[in-house]
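J.: Have a look at the structure that comes next, please.
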Amino acid sequence: METEVLRIIEGGLSNDKRKIITYSTKLADRLSKEGNESLAKCIRQKISTSVPQGQAQADAIRLMPLDVDSHLKIVEVYPANTIRQNIVLDPSVERQVSEFVNLVSHSSELELAGLDIKKTLLLYGQPGCGKTSIAHYISEKTGLPLIVARLDGVVSSLLGSTAKNLRRIFDYVQSMPCILFLDEFDAIAKARDDIHELGELKRVINSLLQNIDGMRSDCVLIAATNHPEMLDTAVWRRFVQVVEVGLPSEKQLLEMIDVFSTPFSNEFTSDSQKKKVFMELVKGLSPSVIKTIFDRVKAKSVIAGSQRIETEQLLQGVYDVTCNNKTECGYVLFLSNHGVTQTEISKHTGLSLRKVKNYLSTSKK
């Protein structure tokens, strides 16, 4: 509660009405939870009296940062709990993410204890391994909205405007309790010794570092990159926690198969061998790709009037993703090599049993 009072005072001293309203509303919610409904009601009445209905939302939209040149939005706002994340994490990654969630959730206690600890997290690893999902997961767990910077808009065609766009984003997020998420972080945090970059782009990193250094301890920043080797060395020191998000282990793959197939019925429950075959096939694929395979199969099942995931459909999804030169004969051979009988292949593909046998016999020769 003390933190909300401090933020309200800051808003009053800086004449930031939006900040006062945001943290007053948060204070009223906290009072309600603690049983002081009468004071919470008074605060809400004061807000509604001074702010016409709908104005707060209109102000939030009006004050949303825009690119100084194109006047297009440079952030997207995702309220907490709008995207529920069923994620499967490596135990080490899960532990580090949980530590960060606790750090953010106890921001008030840390500030009152005099601990000025930045709430900054850097995620790095291969594409599709769950970095963006982790950011949404942290938003859900902490109850804070996620402000996602659109870096295609931040990096202006007029290079001198990029630093101004960054300043606008950081000013925007510091006026309310939220999480700022900078995806594809390397786009604005490239090493300053990169000989291929222009001088103006190198100055952007200086602006970025200044903005991060100027963040209050209660502000939350999450950045993600697929190319950690490209980041400026000074950037790493700005993050309290750095987490590598890698490809899933065998145990994680088993969990993902269960998570991604829910709530549809499937053959894996009664046939562990088919589950093992599929798991071996998807080793080395990112969680994003695996989820896409399951989503496509689910969509086909729904369209067909079913709520069941067939193994042959999953194999088809893997074949589509992993094979470059796709042929009818190659697909038949792929299914056969992974435990599908000739009769099942014929039924699944619509090919005659005779044609399936011919394909298989030809491939053997």
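The values are calculated or read from the model by the stated rules, or taken from the named source; none is laboratory data. Everything numeric in this text was worked out from a predicted model, so none of it was measured. All Cβ positions, even for glycine, are placed from backbone atoms using ideal geometry, and neighbour counts span all protein chains on display.
J.: Restricting the search to the stretch 241-299, which residues are part of a loop (DSSP other than H, G, I, E, B), of a type outside the set (Gly, Ala, Ser) and exposed (fewer than 15 other Cβ atoms within 10 Å of the Cβ)?
T.: Thr262, Pro263, Thr269, Asp271, Lys283
J.: Within the stretch 300-337, can you find the residues that are within 18 Å of Thr362 (Cα to Cα) and either among the aliphatic types (A, V, I, L, M) or surrounded by 13 or more Cβ atoms within 10 Å (Cβ to Cβ) (or both)?
T.: Cys329, Gly330, Tyr331, Val332, Leu333, Phe334, Leu335, Ser336
J.: With respect to the numbered conditions (1) part of a helix (DSSP H, G or I); (2) in contact (Cβ under 8 Å) with a residue 60 or more places away in the chain, which one is the sole condition not fulfilled by Gly339?
T.: Answer for Gly339: the failing condition is (1).
J.: Can you name the condition, by its number, that Asp69 falls short on among (1) surrounded by fewer than 12 Cβ atoms within 10 Å (Cβ to Cβ); (2) modelled with pLDDT under 80?
T.: The one condition Asp69 does not meet is (1).
J.: When you go through Ser272, Ser261 one by one, which is the residue that is without any contact (Cβ under 8 Å) to a residue 12 or more places away in the chain and of a type in the set (Gly, Ala, Ser)?
T.: When all the criteria are applied, what remains is Ser272.
J.: Is there any pair with a first residue in the stretch 300-317 that is not assigned by TED's automatic domain parsing to the domain that holds Val277 and a second that is loosely packed, with under 15 Cβ neighbours inside 10 Å whose Cβ atoms are under 8 Å apart and which are 6 or more apart or on different chains, and what are they?
T.: Once the first residue is not assigned by TED's automatic domain parsing to the domain that holds Val277 and sits in the stretch 300-317, no partner that is loosely packed, with under 15 Cβ neighbours inside 10 Å comes close enough.
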